[in-house]
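Take a look at the structure below.
The values are calculated or read from the model by the stated rules, or taken from the named source; none is laboratory data. Because the structure is predicted, anything quoted here is derived from the model rather than measured. Because the Cβ atoms are built from the backbone with ideal geometry, glycine has one as well, and the counts that use them run over all protein chains shown. The area values use the complete protein model at the heavy-atom level, side chains included, leaving out ligands, DNA and RNA. Shrake-Rupley method; radii C 1.70, N 1.55, O 1.52, S 1.80 Å.
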Amino acid sequence: MAALAPADPSSVPAKLRIPDELARTVFSPQAYADDDVIYPALKELRATVPLGLSEVPGFDPIWIVTRNEDIRTVSKNAKLFPSSAFNAILNDKAGDEFVRMTNDGKNHALETLTFMDPPVHTKWRNLTGSYFQPGNINKLADKIRAMAKESVDRLLSFDGECDFAKEFALLYPLRVVMTLIGVPPEDEPLMMRLTQDFYGGNDPEEQRPEVVDDPIAAAKQWHATLQDFYRYFDGLVAERRKQPRDDLASLIANAKVDGKPVPYDIANGYFVALAAAGHDTTSSTTAGGFYGLLKFPDQIAKFKADPAGLAPLFVEEAIRWACPVKHFLRSTSEDVVIGGVPVPAHSRLFLSYPSGCRDEAEFDRPDDFILDRKPNNHVGFGFGPHVCIGLSLARLELKILFEELMPRLKSVELAGAPRRMEANFLSGIKSLPIRFTKT
Ligand code: HEM
């Protein structure tokens, strides 16, 4: 299958071209490991070339979309701005070539919603759409609260000091999403390793030994990790076909769409997306939101005064401020004008969610963590037909976790410098040393 070529950028005027240094920063995995590097770069872009063309050597020409409003405009129109024409996740050209080589010429490695457009996208999204509706998700609240209590007890069992990211934030979302899918607790360490491999392709500490120092490391790591995921989920599907239970694995394994069982690659694509997307995003928000409180400590006292009342607002601010998903890509199906900027057909668009979440045109004091910010029109969950399918679950589990945690902390402070993942797709705090006392 011949790959679609991105639009020839030669006629794009100089004022719409992003300075090389800034474009490299936005694509650089290392930049996302330091808020003082990535956020100033995004701010400068919003002020100078809010929608402009990047031409980073080794990458396709790609337009970077930084304004909150433009990200919404693009996200809500899948016909004008499809997800399937090019890879919806950033790779360099060599990485994209590797994906095509290992996937029969297709521009993506996984048959999942992210890479689909309507009507195919709508059909497969509907498969679990009602499961993820708030009405159904809220029925899980008691089960989730029991898991949250257990996690908080575990945190408080440390003797006044621990790594909040490693010992706390990482484990609870994994347990929640695996319970919903139907993965038993004894398989969680395997799932933990695979989800971290899946997103950690750029971070030297998270890479599989065989891909360290390899220029297309991320693409290769994805490929190897996917094979491991598939092997695991094949077994789970076979079990649930024999003996269905009340979980997502049973739903997907036994569903009929157009009168037929869900095809192998779609079922596996679903499982991998749910396992991976449902875990790291939520744990990064947990650690990132807590770091927001530690950095703006007056917010802690405020939160403790009314945990149940403020938890829903805190969750939205945590997602805005930590913004764990750094981008998705779309493209243009015809010549269009976005926010006053003409963009030719078949251009690739990089939606910078962290930029949209700190856009001064949308938010007052965008760099401050304001617990009760309202309204909070962040784009941390994306927008439009692809908006995060798990958002009600993520909101509920984060709300419950902090409702349980805050009343039990008497005091808490940073006990060392936080460290973030080096990754330009999904990145967050991987180490957050804290010192605390209990109530
Ligand atoms: C705080 C936690 C989370 C954040 C910040 C987050 C963020 C996102 C974002 C930005 C997108 C892309 C939206 C777009 O393209 O417009 C997305 C899509 C998705 N998310 Fe989440 N997510 C979170 C939690 C979850 C959970 C808990 C699950 C499932 C258990 C999940 C499953 C998915 C799936 C399957 C998609 C693809 C949807 C589609 O393309 O139609 N996410 N998420």
When all Cα-Cα pair distances of the range 1-108 are considered, the percent exceeding 24 Å is 30
Partner aspartates and glutamates whose C-alpha sits under 15 Å from that of LYS304, ignoring same-chain residues fewer than 8 away, are ASP372, GLU403, GLU404, GLU413
Filtering GluC sites (Glu not before Pro) in the range 261-370 by DSSP loop and by at most 14 other Cβ atoms within 10 Å leaves GLU334, GLU360
Ranked by GNM mean-square fluctuation in the chain (Cα springs under 10 Å), the top entry among ILE38, ILE389, ILE338 is ILE338
Quick shape check on the range 246-352: root eigenvalues a ≥ b ≥ c of the Cα gyration tensor, a/c under 1.5 is rounded, otherwise prolate if a/b tops b/c, else oblate, and it reads oblate
Row for the range 278-319, column shape: gyration tensor on C-alpha, a ≥ b ≥ c, rounded if a/c < 1.5 i.e. under 1.5, prolate if a/b over b/c, else oblate; value oblate
Whole-percent carbon and sulfur contribution to the accessible surface of the range 9-438 (1.4 Å, no ligands, DNA or RNA) stands at 53
Under the 7 Å Cα-to-Cβ spin-label approximation, ASP367 and ASN136 lie apart by a distance in nanometres of 4.3
Candidates SER157, SER355, SER11; GNM for the chain (alpha-carbon contacts under 10 Å) flags as most fluctuating SER11
PRE zone check, label point 7 Å out along Cα-to-Cβ of ARG241, amide N under 17 Å, scope the range 263-279, hits 263-271
In nanometres, the difference between 0.36 nm per residue of separation and the alpha-carbon distance of SER157 and ASP187 is 8.4 nm
Once the dipole of the chain is set up from charges on Cβ (+1 Lys and Arg, -1 Asp and Glu), the residue from the list LEU190, SER75, SER331 lying farthest towards its positive end is SER75
So for the range 336-398, using the alpha carbon gyration tensor with a ≥ b ≥ c as root eigenvalues (a/c under 1.5 gives rounded; past that, a/b versus b/c decides prolate or oblate), I'd call it oblate
Log entry: pair-distance distribution for the chain, C-alpha pairs binned every 10 Å from zero, whole % per bin is 4, 22, 32, 27, 13, 2, 0
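Ordering ARG373, ARG72 from largest to smallest accessible area (1.4 angstrom probe), what's the sequence? Can you show the working numbers first?
Details: ARG373 20, ARG72 45 Å².
So, going from the largest accessible area down, we get ARG72, ARG373.
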Out of ALA169, GLY428, PHE98 - ranked by how far each Cα lies towards the positive end of the dipole of the chain, with unit charges on the beta-carbon of charged residues - the top one is ALA169
Residue-normalised 222 nm signal for the chain, counting each DSSP H run of n ≥ 4 as -39,500 (n - 2.57), nearest 500 deg cm²/dmol, is -14000 deg cm²/dmol
For ILE338, other-chain or 5+-apart residues with amide H closer than 5 Å (H placed, Pro excluded) are VAL343
Among chymotrypsin sites (Phe, Trp or Tyr not before Pro) in the range 277-329, those in a DSSP loop whose Cβ has at most 13 other Cβ atoms within 10 Å are none
